[in-house]
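A.B. asks: The structure follows.
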Amino acid sequence: MPSVDDCQIITLPKVASDRGSLSFVEANGSIPFDIKRIYTTYDIPTDAVRGGHSHIEQHELVIAVNGSFEIELDDGKHKKTIFLRKAYEGLHIVPGMWRELKNFSSGSVVLVMASDVYKESDYIRDYELFRKNR
């Protein structure tokens, strides 16, 4: 079974200049999975809680491209909270991990790169069912 310690911060390449900074993700290099879907979440109220689910097979890389927020990870036995605030750092969330995103700063934008297209069958949305299957 995966553990909260299997979820790690990945520092993306960063190119800085007097015109600003650029970070990037490249296939077969920057992250440990192929990207099949990218989405953003924005206009998030500061008191909102997002996520509240687990994936059966999908990997994700979550980045705070603007603002900051916390991700609470839960493997069914242990919990760990990660604070994201840098556009060149992403949290790799492995399959089988319950997650909740919260404590958003004003103007936060969440970027998610996922290893698969949207499939409702890959989601576990009931926490008790998640715990039962651990």
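A.B. asks: Contact list please: Cβ distance under 8 Å, first residue in the stretch 1-20 and closer than 18 Å to THR81 by Cα and aliphatic (A, V, I, L, M), second residue modelled with pLDDT of 95 or more and in a loop (DSSP other than H, G, I, E, B), pairs at least six apart or on different chains.
C.D. replies: Sorted first by the residue in the stretch 1-20, then by its partner, the pairs are VAL4/ASP75; VAL4/HIS78; VAL4/MET97.
A.B. asks: Go through the stretch 104-131 residue by residue and tally those that are closer than 22 Å to ASP5 by Cβ and not aromatic (Phe, Trp, Tyr).
C.D. replies: The number of residues fulfilling the criteria is 6.
A.B. asks: Sticking with this one: Quickly run through the stretch 79-105 and pick out the residues that are over 22 Å from SER21 (Cα atoms), of a type outside the set (A, V, I, L, M) and either touching a Gly at 6+ places or on another chain (Cβ under 7 Å) or free of Cβ contacts under 8 Å to residues at least 12 places away in the same chain (or both).
C.D. replies: THR81, ARG99, GLU100, PHE104
A.B. asks: (1) more than 20 Å from GLN8 (Cα to Cα); (2) in a strand (DSSP E or B): which one isn't true of SER106, the others all being true?
C.D. replies: Only one criterion in (1) more than 20 Å from GLN8 (Cα to Cα); (2) in a strand (DSSP E or B) is unmet by SER106, namely (2).
A.B. asks: Would you check which residues across the stretch 21-58 are touching a residue at least 60 places away in the same chain (Cβ under 8 Å), over 22 Å from GLU120 (Cβ atoms) and part of a strand (DSSP E or B) and list them?
C.D. replies: Of everything in the stretch 21-58, those that are touching a residue at least 60 places away in the same chain (Cβ under 8 Å), over 22 Å from GLU120 (Cβ atoms) and part of a strand (DSSP E or B) turn out to be SER21, SER23.
A.B. asks: When only residues in the stretch 82-103 that are aliphatic (A, V, I, L, M) and not in a strand (DSSP E or B) count, which is surrounded by the fewest Cβ atoms within 10 Å (Cβ to Cβ)?
C.D. replies: Selected residue: ALA87.
A.B. asks: Restricting attention to the stretch 110-134, and to residues there that are out of contact with any Asp or Glu (no Cβ under 9 Å at 6 or more places or on another chain) and in a strand (DSSP E or B), which single residue is surrounded by the fewest Cβ atoms within 10 Å (Cβ to Cβ)?
C.D. replies: Filtering the stretch 110-134 for residues that are out of contact with any Asp or Glu (no Cβ under 9 Å at 6 or more places or on another chain) and in a strand (DSSP E or B), the one surrounded by the fewest Cβ atoms within 10 Å (Cβ to Cβ) comes out as TYR123.
The values are calculated or read from the model by the stated rules, or taken from the named source; none is laboratory data. If you're wondering where the values come from, they're calculated on a predicted model, not measured in any experiment. All Cβ positions, glycine included, derive from the backbone under ideal geometry; neighbour counts span all protein chains shown.
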